[in-house]
Amino acid sequence: MTHALTGLAIVLFLSFVGVPLGYATLVVGVIGFAAYRGMDASVAVTGQWIMEMTMNLGLSVVPLFILMGTFIHRAGISDELYEASYAWLGRLKGGVAMATVFACAGFAAVSGSSLATAATMSRVAMPPMRRFGYNDALSTGTIAAGGTLGIMIPPSVPMVIYGIIVGEDIGKLFIAGIVPGLMLVLLFLVGIAVVVRLFPNSGPPGEATTWIEKLQASKASWPIMLLFFVVLGGIYTGIFTPTESAAVGAFFAFIFAISRGRLRTWPELLHVFADTVKTTGMIFTIVICGMMLAQFVNITGMPFELVEMVQGDGAISAMQLVLGICVICVLLGMIFESLGILLLVVPVFLPSLAALGVDMIWFGIVIILVVELGLITPPIGMNVFTVKAVISDVDLAKMFIGVTPFIFSMLVGLLLLFLVPEIATWLPNLMR
């Protein structure tokens, strides 16, 4: 176990000094494996593992969902989502921030990425919140927290990766994320309501809209609703596999972008494909290199020593183990993006979780939530830094103050998942 812990510490150190996570995990994985089996064996296993991962059909869903999100962004639907949400909620105190949460949830339903959702909504939502006199802390905190919904509300790229690591049905994981995702949206709205109640000037009401204006704004958001029901409805009913549903979703998103005149030239279309390829390449690099690190950790025997620890004389309960993993994930969330956390933590603890009979669908939702929590937790919340990169004139300290109510909202959500596991397992169980 000492060698594995040393290797993980080196990965953390390399990441701190600026080495990309994928390369850091690959270097430690290859050298660590070589220390046990020799460099020739290590290189051979690395090549074999890269081949197996690149030939894994389950991973083909990733570029398709990324392509779908890129088409949606190109079509300008994110702006219309925000306008529709504002039409219904803008007149309330804190209503513009609430509208931002709903718009983030809608964009998350087709992007599958927290950072992409945070970056996009920073450009869309910040100008109107400033126009209506919203406090910068509440505004940026809402955007950063709303962005975390990108990996909970399906389709979600981290859920795909988690499903491949643990061997769970990706369709069931997607379905499992629906109720917890809606729960988080509701808890975020409650958090905003509490803030504007305590500090009335932080979120003054916006302009009232008529019913006709509400309905006209809502009509513009129908593409998102259609994509959501086609993708998840196809998976739930068994008409599509997750990969097929991603392909259908990408096709419809392409039609929407074309019909809105946003893809009229070949260079524009090539730009969409280039963005998709770059993002996919980054994700695949992290996944493949991270799994090589997992091979090194496995050969050290650390996962099996952990199994002995949890089943030995000083055995711990399943809930104690899950709580310990949650703490680790929150701490790692201050440093890494969601995929990095999953690849560093899940393979190590998977045997122990299996030995204790933990429901891996439920655990997947729990770990996604705590990864979301880590993405906005100081001192290094990745979503907060993403918002800072777009809105550079707001102090980082203000942003972290702004996300505080949402941290409490997530903690309440986590507590509810522990007390009522059916929140995550009810819908997937209907598919059995």
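The values are calculated or read from the model by the stated rules, or taken from the named source; none is laboratory data. The model shown is predicted, which means the values in this text are computed figures rather than measured ones. Note: ideal-geometry Cβ built from the backbone for every residue, glycine included; neighbour counts use all protein chains shown. In case anyone asks, the SASA skips ligands and DNA or RNA and just uses the protein heavy atoms, side chains included. Shrake-Rupley method; radii C 1.70, N 1.55, O 1.52, S 1.80 Å.
Can you compute the label reach from residue 199? Point 7 Å from Cα along the Cβ direction, backbone N cut-off under 15 Å, restricted to region 389-412.
Zone members listed by number: 394-408.
Ignoring everything but the protein chains, give the 1.4 Å probe accessible area of residue 408 in square angstrom, nearest 10.
Surface open to solvent at residue 408 totals about 130 Å².
How big is the accessible area of residue 239 in square angstrom, nearest 10, if you roll a 1.4 angstrom probe over the protein chains?
Using a 1.4 Å probe on the heavy atoms, I get roughly 120 Å².
How much length is gained if the chain between residue 130 and residue 190 is pulled fully straight, taking 0.36 nm per residue apart and subtracting their Cα-Cα distance, in nm to one decimal?
Working: separation 60, 0.36 × 60 = 21.60 nm, distance 2.13 nm.
The residue 130-residue 190 span can extend by a further 19.5 nm.
Give the accessible area for residue 326 in Å² (nearest 10); use a 1.4 Å probe, count only protein heavy atoms, and leave out ligands, DNA and RNA.
Here the accessible area works out near 10 Å².
State which entries of 172/278; 93/398; 93/172; 172/388; 172/398; 214/278 exceed 32 angstrom in Cα-Cα distance in the structure shown. Mind showing how you got there, number by number?
Numbers: 172/278 28 Å; 93/398 20 Å; 93/172 38 Å; 172/388 35 Å; 172/398 39 Å; 214/278 38 Å.
Too far apart for the 32 Å limit: 93/172; 172/388; 172/398; 214/278.
Carbon and sulfur together cover what percent of the accessible area of region 228-305 at a 1.4 Å probe radius? Before the final figure, lay out the partial values.
Details: 2730 of 3810 Å².
Here it works out to 72 percent.
Can you give the angle from 0 to 90° between the axis of helix 178-198 and the longest principal axis of the chain, with both taken from C-alpha atoms, to the nearest 10?
So the inclination is approximately 60 degrees.
Given a Förster distance of 22 Å, report the FRET efficiency between residue 40 and residue 3 from their Cβ-Cβ distance, rounded to the nearest 0.05. Working shown, then result.
Working: r = 20 Å, r/R0 = 0.90.
Here the calculated transfer efficiency is 0.65.
Hey, any idea what Rg/Rh is for the chain, computing Rh the Kirkwood way over Cα pairs?
0.98
Rounded to the nearest 0.05, what FRET efficiency do residue 241 and residue 266 give with R0 = 41 Å and r taken as the Cβ-Cβ distance? Could you check?
Working: r = 31 Å, r/R0 = 0.76.
For R0 = 41 Å, the calculated efficiency reads 0.85.
Relative contact order for region 198-301 using alpha-carbon pairs under 8 Å, separation at least 6, rounded to a whole percent? Let's see the in-between values first.
Details: 22 pairs, mean separation 14.1, N = 104.
Answer for region 198-301 is 14 percent.
With a 1.4 Å probe and every protein chain kept in, tell me what percent of the accessible surface of region 372-432 is carbon plus sulfur.
Numbers: 2070 of 2850 Å².
Taking all protein chains in place, region 372-432 shows 73 percent carbon and sulfur surface.
Using a probe of 1.4 angstrom, how much of the accessible area of region 61-142 is carbon and sulfur, in percent?
Details: 1280 of 2200 Å².
Result for region 61-142: 58 percent of the exposed heavy-atom area is carbon or sulfur.
D for region 125-205, whole µm²/s, Stokes-Einstein with Kirkwood Rh over alpha-carbon pairs at 37 °C and 0.692 mPa s: what number?
Using the Kirkwood radius from Cα pairs, D works out to 228 µm²/s.
If 13, 240 are ordered by their accessible area, calculated over protein heavy atoms with a 1.4 Å probe, which sequence runs from highest to lowest?
On the way: 13 125, 240 60 Å².
Sorted descending by solvent-accessible area, the residues read 13, 240.
Quickly estimate the mean residue ellipticity at 222 nm for the chain, helices only: each DSSP H run with n ≥ 4 gives -39500 (n - 2.57), and the total goes over all residues, rounded to 500.
-26000 deg cm²/dmol
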